[in-house]
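Structure, as structure tokens:
The values are calculated or read from the model by the stated rules, or taken from the named source; none is laboratory data. Nothing here was measured: the structure is a model prediction, and the numbers come from that model. For neighbour counting, all protein chains shown are included, and Cβ atoms are generated from backbone atoms with ideal geometry for every residue, glycine included.
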Amino acid sequence: MNDSYQLRFRSLFHPGRAYVFPCDASGHVDLDALSERARANYFYARAVIGREFTVPDVQPGSVH
């Protein structure tokens, strides 16, 4: 997967806090490429959209 994009879930309550995952230009995350912990964080962030995190946005850049 090309890591030139990142999917960012921003915290609704803590400015500057976010979950960030490598993705393609369409926002698709390769779940098989994530560690078990990152995969759990991804599913958590998706489950609490609108309660703890914003709808994610796709941004250019690399995940470090």
If I ask for residues that are closer than 15 Å to Arg8 by Cα and of a type outside the set (A, V, I, L, M, F, W, C), which ones from segment 23-53 would you list? Asp24, Ser26, Gly27, His28, Asp30, Arg39, Asn41, Tyr42, Tyr44, Arg46, Gly50, Glu52
Report, by residue number, each residue of segment 49-64 that is surrounded by 12 or more Cβ atoms within 10 Å (Cβ to Cβ), modelled with pLDDT of 95 or more and outside any strand (DSSP E or B). Glu52, Thr54, Pro56
With the structure loaded, tell me whether Ala25 is surrounded by fewer than 17 Cβ atoms within 10 Å (Cβ to Cβ), at pLDDT below 95 and not polar (S, T, N, Q) or whether it fails that test. yes
Can you list residue pairs whose Cβ atoms sit under 8 Å apart, with the first residue in segment 13-33 being part of a loop (DSSP other than H, G, I, E, B) and the second being modelled with pLDDT of 95 or more and aliphatic (A, V, I, L, M)? Count only pairs 6 or more apart in sequence or on different chains. Ala25/Val58; Ser26/Val58; Gly27/Leu7; Gly27/Val58; Val29/Leu7
